[in-house]
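The structure under discussion appears below in the form of structure tokens.
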Amino acid sequence: MFDFLNPQAASSTPRQIARSLRWLGWIGFWLQALLGFIPILVVVVTVMFSPGRKHSSGLSVGLWLAIACLVILIFSIYWCFRYTQLANKLEIPNLRPAKSQVSQNLKLGLLANIAIMAIAVLITLSRVGELTFKMLIMPQGSTVIIPNQAATMVTQGAMSTPSNMIAIQAMVNAITAGLIGAIVALLLLYQVGQRSNPQD
């Protein structure tokens, strides 16, 4: 399907491109949907059920970035599904879009996935940096005891909680989903670029 090592490979036909769009579109759709479940769930729970959110004046910058990242991820999942619809059009000569239109759709998918990865990496760096700082300011040799018990030496804010780890896992999932979407778009762009005659 993809012959990267052979520069003399024959150009791709619309039928081959359609098969790749369908196959890779479904792979991207399902993988991104599965990986995107945890980040979407984390943001929904954070926005809807966070106890400290009731008294605050608004959402933090990090949470706004997470929401933006997930909106783009949902768009990317839809866009992978759209690749499968584009494959159906390519198989019908009367509905076949131009090569430039197919390339433009793939470039938009690639751009969306790069945005997902960039935003998720920024959020992850911020979250991990914050947790690292909290760990570094703990007294050396201190014993970490369950929060809310008497005689605890460490406050709850200085501990790495399960919610912190779930949030980091959610961002890693978002980065992975963006990477999968970018790989799908790049593979399809490569194959569309192999098509020499747009009228085929």
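The values are calculated or read from the model by the stated rules, or taken from the named source; none is laboratory data. Everything numeric here is computed off the predicted structure, so don't read it as measured data. Backbone-built Cβ (ideal geometry, glycine too); neighbour counts: all protein chains shown. With ligands, DNA and RNA removed, areas are computed over all heavy atoms of the protein, side chains included. Shrake-Rupley method; radii C 1.70, N 1.55, O 1.52, S 1.80 Å.
Among the residues making up region 67-124, those that are open to solvent by less than 70 Å² (accessible area, probe 1.4 Å) and among the polar types (S, T, N, Q) are Ser76, Thr84, Asn88, Ser103, Asn105, Asn113, Thr124.
Take the conditions farther than 17 Å from Ile183 by Cα and out of contact with any Cys (no Cβ under 9 Å at 6 or more places or on another chain) and apply them to Lys89. Does it pass? Answer is yes for this residue.
For the subset of region 190-200 comprising residues that are assigned to a helix (DSSP H, G or I) and open to solvent by 40 Å² or more (accessible area, probe 1.4 Å), which member is modelled with the lowest pLDDT? Full working, then the answer.
Of the residues in region 190-200, the ones assigned to a helix (DSSP H, G or I) are 190-193.
Filter once more, keeping what is open to solvent by 40 Å² or more (accessible area, probe 1.4 Å): 190, 193.
Details: Tyr190: 92, Gly193: 85.
Checking each candidate, the answer is Gly193.
If you go through region 10-43 and keep only what is at pLDDT below 80 and open to solvent by 30 Å² or more (accessible area, probe 1.4 Å), you end up with Ala10, Ser11. Is it the case that some residue within region 57-74 is within 24 Å of the chain's Cα centre (by Cα), outside any helix (DSSP H, G or I) and at pLDDT below 85? Yes: one or more hits. None of Ala167, Ala177, Ala158, Ala182 is at pLDDT below 85, within 25 Å of Ala33 (Cβ to Cβ) and either in contact with a helix residue (DSSP H, G or I) (Cβ under 7 Å, 6 or more places away or on another chain) or crowded, with 16+ Cβ neighbours inside 10 Å (or both) except Ala167.
Beta carbons closer than 6 Å, at least 6 apart along the sequence or on distinct chains, pair a first residue in region 14-25 that is assigned to a helix (DSSP H, G or I) with a second that is among the acidic types (Asp, Glu) for Pro14/Asp200; Ala18/Glu91. When restricted to residues that are in contact (Cβ under 8 Å) with a residue 60 or more places away in the chain and assigned to a helix (DSSP H, G or I), region 92-114 contains 11. Could we say that Ser50 is at pLDDT below 90 and crowded, with 17+ Cβ neighbours inside 10 Å here? In short, no.
Within region 58-86, the only residue that satisfies the criterion of being among the hydrophobic types (A, V, I, L, M, F, W, C) and farther than 25 Å from Thr176 by Cα is Leu59.
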